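Here's the structure we're looking at; comments come further down.
The values are calculated or read from the model by the stated rules, or taken from the named source; none is laboratory data. Just so it is clear, the model here is predicted, and its values are computed rather than measured. Cβ sites come from the backbone with ideal geometry, for glycine too, and all protein chains shown count toward neighbours.
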Amino acid sequence: VQTTPDLSATARPAAARGCPVCGSSDERRVLAEARIDPAQLDAFAFASRKVPEHMHHRLVECPVCDTVYASPLPDAAEVAEGYAEAAYDSREEAVAASRTYARLLHRIPDRRRAAALDIGAGDGAFLERLLEQGYEQVAGFEPSRAAADAALPDVRPLIRLEPFTAGAWPDESLDLVTCFQTLEHVFDPLELCRQARRLLRPGGALLVVTHDRRAATARMMGKRSPIFDIEHLQLFSQRSLAALLARAGLTSIQVWPIVNRYPVHYWAKLAPVPRSAKPRLLAGLKAARIGYAPVPLRAGNIAGLAIRPDVARGSDAA
Ligand SMILES: [Zn+2]
């Protein structure tokens, strides 16, 4: 694996990006130079919950709001193509994750359940949970065909095979917008949250989950952590996630660390063991019953919950 900076595969040596949360242009804190091996960029590089490759863009830390972000940005068209063609192999893990996220819903103060939208819906596992919880109308946006086509037959028609964009849904029509493990992948996370606010009725809730780059697990693993990943265009901490939700014009913001429950074999896939030893380890665990036992761990993810206020506030709240 090459360790010298190489931006050729991901970006033109373009202008600095600026912080995607607060807009600061101070890019003096370079957290890591790019680490990219084009030979390893196979179809699975853009699939979620895959074996980590330890490749990443050049990462800059914002001194104002604590967000870490890729700068310069990779080419948008190449990234979009990557997601559209991404392979998909993680139905079991998606269901486990959806159960973790469903346990967060009780935090929402106003639990009206007429309509909910999931951005980055994957195989629709969380749409199943929303229907179980009594939401009457649910829908999802997902750019990857392989993921959407892995949905259950009665859930698949609820998933729009496209990235979430402005104007894709009627304003003020939703009680809940969710976005799990997706904010780190999109080109403009602030615009995504602002659009989500527009779609919510006053009092409606935005619920997000993302990696916490300052979690103990991430600090322990350093640059071997799965958060240092070619897919990630920004990384949040509790502070920067709260800043993102506030700048999007949302209120009553809560951010807290969550406990994920995944099968043993999934945790083993993420563990920092040598790549050459992983296939045998994973095969062994999948052959044994213990490999499927659900294990709760604080794995370095944070949830953010915020409410659309009654009255739009500030100049950015249009
Ligand atoms: Zn910032």
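Is one or more of the residues making up the stretch 256-263 free of Cβ contacts under 8 Å to residues at least 12 places away in the same chain and within 22 Å of LEU183 (Cα to Cα)?
no
For the stretch 272-302, which positions are surrounded by 14 or more Cβ atoms within 10 Å (Cβ to Cβ) and among the small types (Gly, Ala, Ser)?
Selection gives GLY291, ALA299, GLY300.
Just to check your reading of the model, which residue among ALA243, ALA196 is under 18 Å from the mean Cα position of the chain (by Cα), part of a helix (DSSP H, G or I), farther than 26 Å from LEU130 by Cα and at pLDDT 85 or above?
Exactly one of ALA243, ALA196 is under 18 Å from the mean Cα position of the chain (by Cα), part of a helix (DSSP H, G or I), farther than 26 Å from LEU130 by Cα and at pLDDT 85 or above, namely ALA243.
Filter the stretch 169-178 for residues that are among the hydrophobic types (A, V, I, L, M, F, W, C) and at pLDDT 95 or above and give the result.
LEU174, LEU176, VAL177
So, in the stretch 58-74, of the ones that are outside any loop (DSSP other than H, G, I, E, B) and within 10 Å of ARG29 (Cβ to Cβ), which residue ends up farthest from the ligand (Cβ to nearest atom)? Walk me through it before giving the result.
We begin by selecting, within the stretch 58-74, every residue outside any loop (DSSP other than H, G, I, E, B); these are 59-61, 68-70.
This time we only want the ones that are within 10 Å of ARG29 (Cβ to Cβ), so: 59-61, 68.
Values: LEU59: 13, VAL60: 10, GLU61: 9, VAL68: 9 Å.
Here the answer is LEU59.
What are the residues in the stretch 160-176 that are closer than 10 Å to ARG198 by Cβ and outside any loop (DSSP other than H, G, I, E, B), if any?
LEU174
Any idea which residue in the stretch 14-33 is surrounded by the fewest Cβ atoms within 10 Å (Cβ to Cβ), counting only those that are of a type in the set (A, V, I, L, M, F, W, C) and near the ligand (Cβ under 10 Å from one of its atoms)?
Within the stretch 14-33, the match that is surrounded by the fewest Cβ atoms within 10 Å (Cβ to Cβ) is CYS22.
Residues GLU132, GLU142: which one is surrounded by 19 or more Cβ atoms within 10 Å (Cβ to Cβ) and either out of contact with any helix residue (DSSP H, G or I) (no Cβ under 9 Å at 6 or more places or on another chain) or of a type outside the set (Gly, Ala, Ser) (or both)?
GLU142
Going through the stretch 230-245 one residue at a time, which ones are farther than 26 Å from VAL295 by Cα and either hydroxyl-bearing (Ser, Thr, Tyr) or without any contact (Cβ under 8 Å) to a residue 60 or more places away in the chain (or both)?
If the condition is that a residue be farther than 26 Å from VAL295 by Cα and either hydroxyl-bearing (Ser, Thr, Tyr) or without any contact (Cβ under 8 Å) to a residue 60 or more places away in the chain (or both), then SER240 is the only one that fits.
Please work out if LEU105 is closer than 28 Å to VAL295 by Cα and in contact with a Gly (Cβ under 9 Å, 6 or more places away or on another chain).
No.
For the stretch 109-142, name all the residues that are outside any loop (DSSP other than H, G, I, E, B) and under 14 Å from the mean Cα position of the chain (by Cα).
ASP118, ILE119, PHE126, PHE141 - these are the residues of the stretch 109-142 that are outside any loop (DSSP other than H, G, I, E, B) and under 14 Å from the mean Cα position of the chain (by Cα).
Under 20 Å from ALA196 (Cα atoms) and among the basic types (Lys, Arg): which single residue out of ARG111, ARG145, ARG103 fits that description? Steps first, answer last, please.
Values: ARG145 fails: under 20 Å from ALA196 (Cα atoms); ARG103 fails: under 20 Å from ALA196 (Cα atoms).
The conditions single out ARG111.
Look through the stretch 225-240, keep the residues that are within 12 Å of the ligand (Cβ to nearest atom) and in a helix (DSSP H, G or I), and return whichever of them is surrounded by the most Cβ atoms within 10 Å (Cβ to Cβ).
Here the residue is SER240.
Within the stretch 151-168, take every residue that is of a type outside the set (A, V, I, L, M, F, W, C) and modelled with pLDDT under 95 and give me the one that is surrounded by the fewest Cβ atoms within 10 Å (Cβ to Cβ).
If we take residues in the stretch 151-168 being of a type outside the set (A, V, I, L, M, F, W, C) and modelled with pLDDT under 95, then GLY167 is surrounded by the fewest Cβ atoms within 10 Å (Cβ to Cβ).
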